[in-house]
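The values are calculated or read from the model by the stated rules, or taken from the named source; none is laboratory data. As the structure is a prediction and not an experimental result, all values here were calculated from the model. Here the Cβ positions follow ideal geometry from the backbone for every residue, glycine too, while neighbour counts run over all protein chains shown. To get the accessible areas, we keep the full protein, side chains included, count just its heavy atoms, and leave off ligands, DNA and RNA. Shrake-Rupley method; radii C 1.70, N 1.55, O 1.52, S 1.80 Å.
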Amino acid sequence: MSKMLVSYATLGYPKEKEYLEFIDGCVKEGSDILEIGVPPKYAKYDGPVIRRSYKQVSSWLKDIWPLLKETRDRVKIPIIILTYLEDWLPVLDDFLSNLAKIGMDGILFPDLIIDYVDEYEKYVKKIKDHGLKAVIFTAPSVPDPLIQKVSKISDIFLYYGVRPTTGVPIPVSVDSLITRIRILVDNKLVVGFGLSDVEDMRKALRAGADGIAIGTAYIEAIEKGGVQDAINLVKYFRGVLNEF
């Protein structure tokens, strides 16, 4: 079984045409799952690069639904929506219904286990009741017994963010983190959140990760050299994963 490449794109970044070109490239170059970021009001657990992308998109993207539908129509691999529960609480049922209606596969709320830990089971049930997969995000700050518990109910995989926010260095080596967490997780384990250093990736995979999620590195590539540079990175990361 090959290792999973989960590729992240901010919805509509940098502009609609380039965004569509990038997601097509993600699929063509071997991504297994697409993670699409819907810009929140306050991306408190994202690093500066992803925040910049949200800010740029928010200046022109006023209605997310046509572009989300277009994304779904073009892409045959699973799509997970990444956004903040906090933003959608007042209209959560409508939001989840609409995602299900256009055929999205699942949703990941990075703030769920951190900010709504006492109610997470209620929200996971709600997501699943709408016919969506609930992908759960955890991090080193989440207590081990809770990671163990949520790993059993997370759909598709358990997402483990190795850093406090995307793109911020960590004081502990990635392999020791993953080795420790692997024995707790009764599920596929995907590691991400600022994991763009290839040696860190290899360490995570050797330590038992089932896949890698990449986002910040793609956005940096788009900022510096354009969409084709980011698509070339997808191809490169796919090659790294294929070594395992």
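A few remarks follow.
- Panel values: region 1-143, Kirkwood radius from alpha carbon pairs, Stokes-Einstein at 20 °C and 1.002 mPa s, translational diffusion coefficient 137 µm²/s.
- In the context of the full protein assembly, Glu29 retains an accessible surface of approximately 40 Å², using a probe radius of 1.4 Å and ignoring ligands and nucleic acids.
- Treating each Cα of region 115-156 as one equal point scatterer and applying the Debye formula with no solvent, the log10 of I(q)/I(0) at q = 0.18, 0.32 Å⁻¹ comes out as -0.50, -1.27.
- Taking the helices alone, the chain has a mean residue ellipticity at 222 nm of -13500 deg cm²/dmol, built from -39,500 (n - 2.57) per DSSP H run of at least 4 residues and averaged over all its residues.
- Looking at region 54-114, the chymotrypsin sites (Phe, Trp or Tyr not before Pro) that sit in a DSSP loop and have at most 15 other Cβ atoms within 10 Å of their own Cβ are Trp60.
- With the largest listed first and rounded to whole Å, the semi-axes of the equivalent ellipsoid of region 86-148 from the Cα gyration tensor are 22, 12, 10.
- Heavy-atom accessible area ranking, 1.4 Å probe, most first, across Ile114, Ile102: Ile114, Ile102
- Mean sequence separation of contacting Cα pairs (under 8 Å, at least six apart), scaled by the length of region 91-244, corresponds to a relative contact order of 16 percent.
- Charged side chains reduced to their Cβ positions (Lys and Arg at +1, Asp and Glu at -1) give the chain a dipole of some 220 debye around its Cα centre.
- Computing Rg and the Kirkwood Rh from the Cα coordinates of region 28-76 gives a ratio, Rg/Rh, of 1.01.
- The length gained by stretching the chain between Glu86 and Asp197 to full extension, at 0.36 nm per residue less their Cα-Cα distance, is 36.9 nm.
- Excluding same-chain neighbours fewer than eight residues apart, the lysines reachable from Lys122 by a Cα-Cα span under 26 Å are Lys41, Lys44, Lys101, Lys133, Lys149, Lys152, Lys188.
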